[in-house]
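Written out below as structure tokens is the structure these notes cover.
The values are calculated or read from the model by the stated rules, or taken from the named source; none is laboratory data. Just so it is clear, the model here is predicted, and its values are computed rather than measured. Here the Cβ positions follow ideal geometry from the backbone for every residue, glycine too, while neighbour counts run over all protein chains shown. Side chains are part of the model used for accessible areas, which takes the heavy atoms of the whole protein and leaves out ligands, DNA and RNA. Shrake-Rupley method; radii C 1.70, N 1.55, O 1.52, S 1.80 Å.
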Amino acid sequence: MIKLSYRNIWRNRRRALITIASVLFAVFFCAVMNSYMDGMWNRMIENTLHTQSGHIEIHGAGYWDDKTIDNFLTMDNADIERLRTLPNIENVSPRIETFALVSLGSISKGVGITAVSPAQENAKSHLANRVVQGSYLSENDDGVLLGEGLAKYLKASVGDTLAFIGQGHFGASAAGLFPVRGILHLAITEMDNNLIYMTLTAAQQFIDMPDGYSGILIALKDDKLLDESIEKVREVVNRHSGSDENHISRNPHTDQAPNDERYEVLSWHFTMRRLLQTAQSDKAFSKIVLFILYLIVGFGILGTVIMLTNERKREFRTMISLGMSRRRLQGVVALELLIMSLIGVVAGLALSFPVAYFFHSHPIKITGELSKTFLDMGMEPLIPFSIDAQIFIIQIFTVLILTLLAMIYPMRKIKRLKLTEN
């Protein structure tokens, strides 16, 4: 049957090529579109995880609902180093995030302060590469880094000294003078205009809270091991807080610790749930578009199958008259369609994967006014493609299912075919 089916396919090359082409273009366009959508959202999430967030975040109890200095956590360096030794941990970056009024001469502005370990932050987000003037911070530096937009507003340059006024621990006032070490170019406009980086040591002195942190961000090597990594992190912080791990009850949807514990260990699925909801909404819309595209493709395949069937009625009658059973003939025709579909799928993947891989390695750069829109939305003006194997595997099964549905038509025609019709 396989040999007969293969010969039947190439007896009419034009008909075979039309069927194969319809499958090929279906796989190509659907794979490329899925690659584009997944790549764009994966890049956005990765950018956020490696700059503003982490796969796992540790906060003081109550901090997530009330982000004040009084809810900061305290943790000694020994426990932070213990976190770094856990399996699957790529980076542990303690942070202090607070606000202050910053002045230079007669110009003042309320800004956000992000205090980091310069070495750990550079390993996490390559912050040093964004310095366009001056130099990067050293580990115990008492200086600060400004975004270009903020430096322009304050009319500040490298070497100037800024006056800070803010809130310290337990409601005390915080004040200090900090020299400008460097100016950063931050891709996100809001951060560029409103953010200052300083070292953890300088910030802890500013708010008068040694060993105090707003949170500890943890980046993982493999996000698929997120649940196991969270449990390992909890073991460390629970040992430090003295809580009994056997009596811990948590909300499985938020990974949030009970209120009577000193720490909250949160996964990025909880801390970035708004971004995930937006991604899911956008992907839901893209699924509607893909459904319409698959519908068009399905009718295209069905059209070629109908043409193939009606052109071969006389051939089918002759074969049945010569003694071939209808069931065997149905099997031959089904194999023909399956072989043509597989050829189309393989050809479609052979075309779509190089395209996806090229744009994965060389993301499309957005320029002009549209790039500003991307930046205002917190996105890099790049359109990368994803090369996740699942994208291409889905296309294989989807197109094969469409082909199997299209097979119903010739199967029914052969079953009901009358040998005496003209």
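Relative to the present Cα-Cα distance, how much length would full extension add between Arg327 and Leu276 at 0.36 nm per residue of separation?
So the chain would gain 13.3 nm between Arg327 and Leu276.
From the alpha carbon centroid of region 313-351 to that of region 51-115 is 65 Å.
GNM remark for the chain: springs join alpha carbons under 10 Å apart, and the peak mean-square fluctuation among Ile56, Ile292, Ile396 falls on Ile292.
A viscosity of 1.567 mPa s and a temperature of 4 °C, combined with the Kirkwood radius over Cα pairs in Stokes-Einstein, give a translational diffusion coefficient for region 306-351 of 109 µm²/s. Against the criterion of solvent-accessible heavy-atom surface with a 1.4 angstrom probe, His59, His126, His169, His360 sort, most first, into His126, His360, His169, His59. Taking label points 7 Å from Cα along the Cα-to-Cβ direction, Ser361 and Thr189 give a separation of 3.4 nm. Choose one of Asn71, Val346, Asn140: the residue whose Cα lies farthest towards the positive end of the charge dipole of the chain (beta-carbon charges +1 Lys, Arg; -1 Asp, Glu; about the Cα centre). Value: Val346. Restricting to region 145-198, compute how many DSSP beta bridges are antiparallel as a %, nearest 5. Antiparallel: roughly 75 percent of the beta bridges in region 145-198.
Extent along the principal axes, Cα only, for the chain: 100, 56, 29 Å, with the longest axis given first.
Using a probe of 1.4 angstrom and keeping all protein chains present, the accessible surface of the chain works out to 51 square angstrom per residue.
Our summary of shape: the Cα atoms of region 50-189 have principal axis extents of 48, 36, 27 Å, ordered from largest down, in whole angstrom. Taking Ile339, Ile20 and ordering them by how much accessible surface each has at a 1.4 Å probe, largest first, produces Ile339, Ile20. Along its principal axes, region 265-367 has C-alpha extents of 73, 29, 27 angstrom, given from the largest down.
Here each label is just a point 7 Å from Cα along the line to Cβ, and for Arg13 and Asp388 those points are 4.1 nm apart. For region 290-422, taking the reciprocal of the average inverse distance between every pair of different Cα atoms yields a Kirkwood hydrodynamic radius of 18.1 Å. If only the Cβ of Lys and Arg carry +1 and only the Cβ of Asp and Glu carry -1, the dipole of region 45-165 around its Cα centre is close to 440 debye. Considering only alpha-carbon pairs that sit under 8 angstrom and 6 or more positions apart, the relative contact order computed for region 264-420 is 34 percent.
Placing one equal scatterer on every Cα of region 175-233 and applying the Debye formula, the log10 ratio I(q)/I(0) at q = 0.25, 0.26 Å⁻¹ is -1.03, -1.06.
Dividing the mean sequence gap of close Cα pairs (under 8 Å, 6+ apart) by how many residues region 84-234 holds gives a relative contact order of 34 percent. Measuring nothing but how far apart in sequence close Cα pairs (under 8 Å, 6+ apart) lie, relative to its length, the chain scores a relative contact order of 26 percent.
Ranking Val102, Met37, Trp268 by how far each Cα lies toward the positive end of the dipole of the chain (charges on Cβ) leaves Met37 at the top. The GNM of the chain, with springs linking C-alpha atoms under 10 angstrom apart, assigns the highest mean-square fluctuation among Leu86, Leu184, Leu200 to Leu86.
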